[in-house]
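The values are calculated or read from the model by the stated rules, or taken from the named source; none is laboratory data. All values derive from a computational prediction rather than experimental measurement. Cβ placement follows ideal geometry from the backbone for every residue including glycine, while neighbour counts extend to all protein chains displayed. What goes into the accessible areas is simple: the full protein's heavy atoms, side chains included, and nothing from ligands, DNA or RNA. Shrake-Rupley method; radii C 1.70, N 1.55, O 1.52, S 1.80 Å.
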Amino acid sequence: MAGRAGSSKKPKESAPTSRTGTDEVTKKALLDATAELLSERSNLEFSQAEVGARSGMSAALVQYHFGSKHGLLAALLEYSSTHYVTQINGLADMTMSATDKLRLHVRGIVTTYTKTPYLDRLLHHLIEASPEEEARRISDFYVGRVIEFYRRLIDQGVAEGVFRRIDPVHLYFILVGTGDHLVARRRLLEPIVGSAGFDSNFARSFGDELFNIVFCGVRAEAATSGDATA
């Protein structure tokens, strides 16, 4: 027994508890709860108590992890749009025709606005409520990247002979503006078509229809207003 007690073998160390991992799980739960609340509303009004109740956690954790409501909203913007921005960057570099890239992107926009109807409201709020330098950073990251993607997409389409030269900012207003309008008008239409009218089938069919309309407008053979009156 004495020899065993004096053994030089070190006991196995138990795996350390990851405080960081626990914090990330908590933050995700709070962000998911906030996203659910905002998806149900046409504004950004909510309380920390509501977030706590929806997540099943203490409302004090909002303050602990995010510092303020503004901090929570800033984190939610990053949380909700990271996948969208990553997809845009990946799509731009894919070996694929400009037409197919446009088709996938249009479908992605409709899906994004259907799943996260609060996204544009959140973006506008944070740009207006943030200091000038932070507002510029937000605008450059979330708006500038989309416009740069459109610039590259149009350049590729022109080089392939399938698109005419158009202003990427115009394309931004057409596509992103349509997504924003889809969210804004949804509540007006739900009493008529029902909430089921905006399910995944609608998102798919509307995305295809929007692509057809936009493609007809940007294709190389499309007439401009000047051509039409010539």
Discussion item. I want to confirm something. Restricting to region 176-230 and keeping residues that are at pLDDT 70 or above and in a loop (DSSP other than H, G, I, E, B), which single residue is most open to solvent (accessible area, probe 1.4 Å)?
Written reply: E221
Fill in: Residue pairs meeting the criteria (Cβ under 7 Å; at least 6 apart or on separate chains; first free of Cβ contacts under 8 Å to residues at least 40 places away in the same chain and under 24 Å from V218 (Cα atoms), in region 167-189; second open to solvent by 50 Å² or more (accessible area, probe 1.4 Å) and in a helix (DSSP H, G or I))
P168/R151
Response to the item:
Picked from region 1-40 (must be assigned to a helix (DSSP H, G or I) and of a type in the set (V, I, T)), the residue modelled with the highest pLDDT is T34
Discussion item. Filter region 41-51 down to the residues that are out of contact with any helix residue (DSSP H, G or I) (no Cβ under 7 Å at 6 or more places or on another chain) and farther than 17 Å from L123 by Cα and list them by number.
Written reply: S47, A49
Discussion item. Can you pull out every residue in region 93-107 that is open to solvent by 20 Å² or more (accessible area, probe 1.4 Å) and either under 17 Å from the mean Cα position of the chain (by Cα) or touching a residue at least 40 places away in the same chain (Cβ under 8 Å) (or both)?
Written reply: S97, T99, R103, L104, R107
Item to complete: Mind telling me which of the residues A75, A59 ends up being over 30 Å from F149 (Cα atoms) and hydrophobic (A, V, I, L, M, F, W, C)?
Response: A59
Worksheet item: What tally of residues in region 111-157 results from selecting those that are open to solvent by less than 30 Å² (accessible area, probe 1.4 Å), closer than 15 Å to L73 by Cα, small (G, A, S) and in a helix (DSSP H, G or I)?
Response: 1
Worksheet item: Does region 41-57 contain any residue that is modelled with pLDDT under 95, surrounded by 13 or more Cβ atoms within 10 Å (Cβ to Cβ) and over 28 Å from R187 (Cα atoms)?
Response: yes
Response to the item:
Residue pairs qualifying under the 9 Å Cβ cut-off, at least six apart or on distinct chains, with the first in region 58-76 being without any contact (Cβ under 8 Å) to a residue 60 or more places away in the chain and the second being open to solvent by 40 Å² or more (accessible area, probe 1.4 Å) and of a type in the set (K, R), are L61/K27; V62/K69; H65/K27; F66/K27; A75/K27
Practice prompt. Considering each of S130, S200, S139 in turn, give the residue that is under 26 Å from S42 (Cα atoms) and touching a His at 6+ places or on another chain (Cβ under 9 Å).
Written response: S130
